[in-house]
Structure formats: structure tokens, C-alpha cells
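Have a look at the structure below before the remarks.
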Amino acid sequence: MSESVKLIYNGNEFELPVIFGSEGERAIDISTLREKTGFITLDTGYANTGSCESAITYINGEKGILRYRGIPVEQLAEHATFKETAYLLINGRLPTREELTRFSVLLNDHSLVHEDMRAFYENFPRSSHPMGILSSMVNALRSFYPELQNLEEEINMTVTRLLSKVRTLAALSYKISRGHKVVYPRPDLAYCSNFLNMMFDSPVRPYELDEDVVRALRVFWILHADHEQNCSTSAVRLVGSARVTLYAAISAGIAALWGPLHGGANQAVIEMLSEIAEKKNMKKAVERAKDKKDPFRLMGFGHRVYKAYDPRARIMKKMADKVLAKLNISDPLLDIAKELEEIALKDDYFIEHHLYPNVDFYSGIVLRAIGIPTNMFTVLFAIGRLPGWIAQWRESIDDPKWKLYRPRQIYIGPKETSFVPIDER
Ligand code: CMC
């Protein structure tokens with residue numbers, strides 16, 4: 001049954017079709033609006049704009065639901081590996097045992113990075129943020145791995161290379177930033193264990209893999225694997241729509257994720273909690289967050305889509321308790337985070353604004369506990385989000401309606417004025 005809405009302006013009626021999603025969401029299809037009416041829509045921050053139809057991830061922000069390809073994220077966090085989750089997002093279904101083995105072999109075979117790429121790392125200033133380095137290195141991959149002639153082969157190879165090499169590039173950047181000997185990927189280790197080993201193994205202190213630490217990282221990555229049309233994913237789709245290489249599109253996604261309002265929030269949360277711990281000013285932080293004249297916000301709180309508790313935050317909070325107990329760590333920041341959450345959730349401002357902890361609120365505490373340095377937190381988010389970016393990019397290029405992203409604007413600048421020669425200004 002097709003439905004439509006009527007737009008009435010100056011006595012003229014225009015009919016626009018309504019589109020329904022599989023979970024009942026509704027959209028007005030305005031693709032003919034300008035042609036029919038001369039109008040465009042204005043939606044700053046795109047809070048009411050659907051940029052595409054997508055079959056990858058479903059979020060219900062009011063009910064706190066997150067599903068990848070229909071499967072609740074809670075089930076994936078409990079039962080799946082990160083590799084299975086990546087396969088699910090990119091290929092649309094869970095792999096069979098055979099497919100998973102083939103996928104693992106491919107990821108292993110492509111896990112090394114060109115030795116010449118190491119020279120770049122030596123020349124970045126030591127103070128560079130690893131997200132800036134990662135974004136540059138991912139873009140540079142194209143030069144080291146030139147395009148294959150067959151398009152399908154080229155896409156599959158690029159996807160494999162990215163999934164496999166970004167993890168290696170990230171660990172490499174950490175080792176080089178510390179002036180430590182680089183550790184290569186090992187064929188006998190699974191995806192998460194391999195990353196931890198590349199990060200922390202040393203010739204003088206062999207890294208001992210702990211099942212619970214590996215599990216914590218796996219869950220962290222699964223929870224971050226996709227989140228529909230967020231800022232970095234939209235950046236990947238937008239940059240990708242100019243038909244750049246997947247490397248360039250992912251590099252743009254990494255740059256977008258770096259921002260403190262997006263993926264950079266996990267680092268910002270730890271910095272905020274540390275400051276609260278040092279200055280013992282929790283009440284002041286809450287007051288500042290509520291003050292409209294103060295740009296300060298409670299980092300790790302609030303979300304564009306979730307107006308209920310972020311389901312990822314719930315899992316991360318439990319994970320923080322579990323990992324700290326297992327590793328026998330007492331982190332004062334966890335106590336501060338819990339107290340802050342309790343105060344905020346009882347406060348009218350946070351209640352009225354529907355502000356709850358988001359995924360970043362507890363994730364930094366988990367990452368800290370497993371030894372990840374604060375400036376690498378967002379890099380870990382990027383590795384986790386990679387399958388989602390790839391799946392979204394793939395879906396966009398496979399879409400027969402695929403178009404260059406090119407929004408319009410309402411111009412509010414000066415009307416035509418004449419050029420004034422320099423001596424007359
Ligand atoms: N602390 C205090 N007030 C807040 C906060 C916060 N963390 N978040 C939103 N608000 C207020 C905001 O001031 C505004 O108030 P009012 O309507 O009275 O002017 C109202 O809530 C709506 O805020 P908004 O900025 O219009 O909403 P948004 O949908 O653009 O914001 C957000 C989403 C995530 C940018 C925002 O909540 C925020 O800045 N949070 C802190 C940063 C953060 O934790 N980011 C991680 C997001 S989750 C991971 C990811 O997906 O990247």
C-alpha cells in the first residue's frame with residue numbers, strides 16, 4: 001500500500017510519497033521536492049534527515065535497541081567473535097565455519113604492512129596524535145598496494161587489507177612512538193589476541209595473554225563495529241560518493257571519528273574523570289555541564305539518537321566491573337564515573353534532556369585496565385568501527401540509486417555587490 005503526504009503552499013498542493021522501513025520507521029521522500037515546488041529542506045545537523053536506506057544496523061534510540069543485520073548487539077557481544085561480527089556486517093550474514101576459516105586465513109596473509117611504511121612513522125613529530133597518523137597511513141596504503149584491474153577483486157582485496165593492516169598499523173604506531181622494538185603479527189593468534197600481542201609483547205617481557213583481557217577487547221570492538229549513519233560513517237559515505245578509493249574514504253572516517261564529540265569522547269571522558277579526581281570538583285562539573293553560558297559538557301553523556309540508556313554503555317559498565325575485578329585493579333575513576341552517573345541520572349536537567357551515559361562513558365576505564373594508553377583509545381574505536389564503515393561504503397556503492405552527496409544551502413550572504421579596487425577600499 002503506497003501512502004503519501006500533502007504539502008500545501010499558497011493554495012498549491014504537492015504530494016510526496018511516504019517510505020516505510022522494516023521496523024516501522026517512516027520517511028517523507030523529498031527527492032522530487034525542489035523540482036516540484038522550488039523548495040529545499042533545511043535541517044542543521046541532519047537530525048531529521050535520512051541520507052540513505054540501509055539494511056545494516058537498526059537503532060531504536062527511544063527503547064535503547066541496537067542490532068547488526070537484525071541480531072541484537074547483546075547476543076553478538078556474548079557469543080560472537082569480532083571477526084564473525086565483521087563478516088556479518090560486510091557480507092550480510094554470519095559466516096559458516098568454512099567461510100570463517102577462509103576469512104581468517106586471508107586476514108592472516110595480509111596482516112603485514114610494507115616495510116617502507118615504517119619510515120613514515122619515524123618522521124612524524126613524537127607529539128603527533130595517533131589518530132592523525134592513522135588517517136594519513138591508511139590513505140598512504142593506496143600507494144603501496146596499487147589498484148587491481150578486476151573491480152570485484154580490487155574491492156575484496158582492499159577490504160581484506162584494511163581489516164588486517166589497520167590493526168597492524170595501529171600497534172606499530174604505538175611501538176614506534178615509545179621507541180620500542182616492533183612486534184609482527186603471529187599466524188597462531190586470533191584477531192584480538194594478535195593485536196594485544198603486537199601492542200604489548202617485548203623481548204624482555206613476553207606478553208602473557210589473559211582470556212578475560214582478550215574478551216574485554218573483543219566485546220569493546222563488537223560494540224563499536226557499526227552505528228548506522230553517525231558522523232564518521234556519513235563522512236565515509238560522503239567522501240566515498242565522489243568515487244575516491246576505499247582507503248581515502250576510510251581515512252576521512254578516521255579523521256571524523258577523532259573529534260571529541262564523536263569517537264574522541266572516550267579519551268575526553270578519562271581526562272574529565274581524572275580532573276574531577278584531582279580537583280575533587282564533581283558537583284562543579286555537573287553544574288558547569290548545565291550552565292548554558294559554559295561550553296563544558298559531561299563527556300560520555302548524551303547521544304543524538306539514544307534518548308534512553310545506550311545499550312552499549314550497559315555492557316561496557318558490566319565489563320568494567322568484571323575486568324577490574326579479574327585483574328585486581330582498583331581504579332578510582334570507575335568509582336567517580338559511577339557516582340557521576342548516579343548524580344546525573346537523578347538531576348532534573350539530565351532527566352529533561354534525556355541524557356544518559358553513552359558507550360564512551362565506561363569504555364575508557366576498560367581500555368585503561370587492559371593497558372591501552374589514553375591517546376590510543378580512539379584508535380581502538382577506529383579499528384572496531386572499520387567493518388561498519390566498510391559495510392556502509394559497500395552498501396552505498398552497490399546501491400543503484402547511488403549519487404554524489406551534494407547538499408544544498410540557503411544563502412544568507414550579501415546580495416550582488418561590485419568589486420572595489422584596492423586603493424578605494
Ligand atoms: N552535557 C550537558 N548537556 C548536554 C550534553 C552533555 N553531555 N549533551 C547534550 N546536552 C544538552 C545540550 O546542551 C542541549 O541543551 P539545550 O537543548 O538546553 O540547549 C541538549 O542537551 C541537546 O544537545 P545537542 O548538542 O543539541 O544534541 P546532539 O544530539 O547534537 O548531541 C552529542 C549529541 C553526543 C554531541 C552531545 O550529547 C554531547 O556533546 N555529548 C558529549 C560528548 C560525547 O560523549 N560524545 C560521544 C557520543 S557517543 C559515541 C559516538 O557515537 O561517537
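The values are calculated or read from the model by the stated rules, or taken from the named source; none is laboratory data. No experiment lies behind these values; they were computed from the predicted model shown. Because the Cβ atoms are built from the backbone with ideal geometry, glycine has one as well, and the counts that use them run over all protein chains shown.
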Please name all residue pairs, on different chains or six or more residues apart, with Cβ atoms under 7 Å, provided the first residue is in the range 288-305 and is closer than 16 Å to residue 265 by Cα and assigned by TED's automatic domain parsing to the domain that holds residue 261 and the second residue is near the ligand (Cβ under 6 Å from one of its atoms) and outside any loop (DSSP other than H, G, I, E, B).
296/289; 297/289; 298/289; 299/265; 300/265; 300/360
List every residue pair whose Cβ atoms lie under 7 Å apart, where the two residues are 6 or more positions apart in sequence or sit on different chains, the first residue falls within the range 239-267 and is within 25 Å of residue 369 (Cβ to Cβ) and in the same structural domain as residue 141 (by TED's automatic domain parsing), and the second residue, located anywhere, is near the ligand (Cβ under 10 Å from one of its atoms) and aromatic (Phe, Trp, Tyr).
257/381; 263/381; 266/381
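Quick one: count up the residues across the range 182-214 that are over 18 Å from residue 168 (Cβ atoms) and free of Cβ contacts under 8 Å to residues at least 12 places away in the same chain.
Going through the range 182-214, the residues over 18 Å from residue 168 (Cβ atoms) turn out to be 203-206, 208, 210-213.
Adding the requirement that they be free of Cβ contacts under 8 Å to residues at least 12 places away in the same chain leaves 204-206, 208, 211.
Residues that pass the stated criteria total 5.
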So which of 348, 360 ends up being within 16 Å of the ligand (Cβ to nearest atom), over 22 Å from residue 49 (Cβ atoms) and more than 18 Å from the chain's Cα centre (by Cα)?
348
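Kindly state which helices (runs of 4 or more DSSP H) lie completely within the range 337-405 and contain at least 1 residues that are among the hydrophobic types (A, V, I, L, M, F, W, C) and over 22 Å from residue 314 (Cα atoms). Step through it out loud before you land on a result.
On the way: elements: 348-352, 359-369, 377-398.
Correct list: 377-398.
Picking from 374, 417, which residue would you name as being outside the structural domain of residue 127 (by TED's automatic domain parsing) and hydroxyl-bearing (Ser, Thr, Tyr)?
Residue meeting the stated conditions: 417.
Being among the small types (Gly, Ala, Ser) and buried (at least 16 other Cβ atoms within 10 Å of the Cβ) is true for just one of 111, 128. Which residue is that? Full working, then the answer.
Values: 128 fails: buried (at least 16 other Cβ atoms within 10 Å of the Cβ).
Result: 111 is the single residue among 111, 128 that is among the small types (Gly, Ala, Ser) and buried (at least 16 other Cβ atoms within 10 Å of the Cβ).
Against the definition (among the aromatic types (Phe, Trp, Tyr), touching a Leu at 6+ places or on another chain (Cβ under 7 Å) and within 14 Å of the ligand (Cβ to nearest atom)), how does residue 296 come out, yes or no? It would help to see each step written out before you state the result.
Values: among the aromatic types (Phe, Trp, Tyr): yes; touching a Leu at 6+ places or on another chain (Cβ under 7 Å): no; within 14 Å of the ligand (Cβ to nearest atom): yes.
It is false that residue 296 is among the aromatic types (Phe, Trp, Tyr), touching a Leu at 6+ places or on another chain (Cβ under 7 Å) and within 14 Å of the ligand (Cβ to nearest atom).
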Checking residue 328 against (1) on the phi > 0 side of the Ramachandran plot; (2) under 23 Å from the mean Cα position of the chain (by Cα), only one condition comes out false. Which one?
(2)
Within the group 408, 368, which residue is outside the structural domain of residue 94 (by TED's automatic domain parsing), in contact (Cβ under 8 Å) with a residue 40 or more places away in the chain, away from the ligand (no atom under 15 Å from the Cβ) and of a type in the set (D, E, K, R)?
408
Being more than 25 Å from residue 160 (Cβ to Cβ), among the acidic types (Asp, Glu) and loosely packed, with under 14 Cβ neighbours inside 10 Å: is that true of residue 74 here?
no
Suppose we keep only residues that are more than 12 Å from residue 107 (Cα to Cα) and either of a type in the set (Val, Ile, Thr) or within 22 Å of the chain's Cα centre (by Cα) (or both) within the range 176-191. Which one would you say is modelled with the highest pLDDT?
183
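Is it true that residue 276 is among the β-branched types (Val, Ile, Thr), closer than 13 Å to residue 333 by Cα, surrounded by 15 or more Cβ atoms within 10 Å (Cβ to Cβ) and more than 12 Å from the ligand (Cβ to nearest atom)?
Details: among the β-branched types (Val, Ile, Thr): yes; closer than 13 Å to residue 333 by Cα: yes; surrounded by 15 or more Cβ atoms within 10 Å (Cβ to Cβ): yes; more than 12 Å from the ligand (Cβ to nearest atom): yes.
Here the answer is yes, as residue 276 does meet what is asked.
Check 186, 205, 243, 237 and return the single one that is farther than 22 Å from residue 366 by Cα and within 16 Å of the ligand (Cβ to nearest atom). Step through it out loud before you land on a result.
Working: 186 fails: within 16 Å of the ligand (Cβ to nearest atom); 205 fails: within 16 Å of the ligand (Cβ to nearest atom); 243 fails: within 16 Å of the ligand (Cβ to nearest atom).
Of the residues listed, the single one that is farther than 22 Å from residue 366 by Cα and within 16 Å of the ligand (Cβ to nearest atom) is 237.
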Which members of the range 1-39 meet the condition of being touching a strand residue (DSSP E or B) at 6+ places or on another chain (Cβ under 6 Å) and at positive phi?
none
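One line per residue, one yes/no per condition, for (1) within 16 Å of the ligand (Cβ to nearest atom); (2) over 24 Å from the mean Cα position of the chain (by Cα); (3) loosely packed, with under 14 Cβ neighbours inside 10 Å:
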position	(1), (2), (3)
7	no, yes, no
16	no, yes, no
20	no, yes, yes
40	no, yes, yes
43	yes, no, yes
47	yes, no, yes
88	no, no, no
93	no, no, yes
104	no, no, no
Subset of the range 18-32 [over 15 Å from residue 48 (Cβ atoms) and part of a strand (DSSP E or B)]:
20
Read through the list (1) farther than 24 Å from residue 265 by Cα; (2) of a type outside the set (A, V, I, L, M, F, W, C); (3) assigned to a helix (DSSP H, G or I), then give the number of the only condition that residue 181 fails.
(3)
Given the condition farther than 23 Å from residue 265 by Cα, in a helix (DSSP H, G or I) and touching a residue at least 40 places away in the same chain (Cβ under 8 Å), answer yes or no: does some residue in the range 43-59 qualify?
no
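For residues that are in a loop (DSSP other than H, G, I, E, B) and of a type in the set (Gly, Ala, Ser), scanning just the range 306-331, find the one that is nearest to residue 370 (Cα to Cα). Spell out how you get there, then give the answer.
Filtering the range 306-331 for residues in a loop (DSSP other than H, G, I, E, B) gives 306-310, 327-331.
Keeping just the survivors that are of a type in the set (Gly, Ala, Ser) gives 308, 330.
On the way: 308: 28, 330: 13 Å.
The selected residue is 330.
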